[in-house]
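The values are calculated or read from the model by the stated rules, or taken from the named source; none is laboratory data. Predicted model only: the values in this text are computed from it and were never measured. Heads up, the Cβs are rebuilt from the backbone with ideal geometry, glycines too, and the neighbour counts pull from every protein chain shown. Side chains are part of the model used for accessible areas, which takes the heavy atoms of the whole protein and leaves out ligands, DNA and RNA. Shrake-Rupley method; radii C 1.70, N 1.55, O 1.52, S 1.80 Å.
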Amino acid sequence: MSLQFSFRRILSALAVTSCLLTGTSSIVWADSLPGFTLFGGPPRENQLPFRLDFGGRINTWDRYRLKIPNKKMKLAVSQFSISYPDYYKGTFDTKDVEVKVKGKSVKLDEVTWDKENRTIQIFPREPVPAGNDVELVLSNVKNPSSGGMFYFNCSIMTPGDVPLMRYIGTWLVSID
């Protein structure tokens, strides 16, 4: 009887340990990529990957790494436009924005932040070629003082194109 009792204790301890380890790994992944949306939101094929370097905590400084996969980069880009909702009350540092293509920085002509229309416009010096992984790095971002899920939409303008923005996708940024 004592052997059966010991076996049950060991089995219970293993079950509890595996639950704790599983819970810990999901906490680590929660800060790096978009989560699972139950209701509403953009379709899965329109969601873009991102990373918040400093955890996306309310009222703290952060770095947003907004990624555009190469399969979304079907055309060359002369301008990136990021729009965000009116209830996002964070701030951006236009002097510390970077565009990376294949991990290398691209020279920028200008970065503007239109607070009234809630957009950030990024103008690379040379058009970013189609078919490449792109990362828009926004450093020195002050997260809002209240948390929530914020939809950051990405649109692009192509060189020599009719001046119309083309929607690429949405980053589902969560601040808590």
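Residues of segment 116-130 that are open to solvent by 40 Å² or more (accessible area, probe 1.4 Å), within 14 Å of Ser81 (Cα to Cα) and either among the small types (Gly, Ala, Ser) or under 20 Å from the mean Cα position of the chain (by Cα) (or both): Arg118, Phe123.
Just wondering, is there one or more residues in segment 135-156 that are more than 23 Å from Asn46 (Cβ to Cβ) and buried (at least 19 other Cβ atoms within 10 Å of the Cβ)? Within segment 135-156 (the criterion being more than 23 Å from Asn46 (Cβ to Cβ) and buried (at least 19 other Cβ atoms within 10 Å of the Cβ)), the answer is yes, since at least one residue qualifies.
Considering segment 47-73, and only residues there that are open to solvent by less than 30 Å² (accessible area, probe 1.4 Å) and among the aliphatic types (A, V, I, L, M), the residue that is farthest from the chain's Cα centre (by Cα) turns out to be Met73. Of the numbered criteria (1) open to solvent by 20 Å² or more (accessible area, probe 1.4 Å); (2) touching a residue at least 12 places away in the same chain (Cβ under 8 Å), the one Val77 fails is (1). Could you please let me know if Thr170 is modelled with pLDDT under 95 and either among the polar types (S, T, N, Q) or at negative phi (or both)? It is false that Thr170 is modelled with pLDDT under 95 and either among the polar types (S, T, N, Q) or at negative phi (or both).
Applying the criterion of being of a type in the set (Phe, Trp, Tyr) and part of a strand (DSSP E or B) to the residues of segment 80-113, the residue that is most open to solvent (accessible area, probe 1.4 Å) is Trp113.
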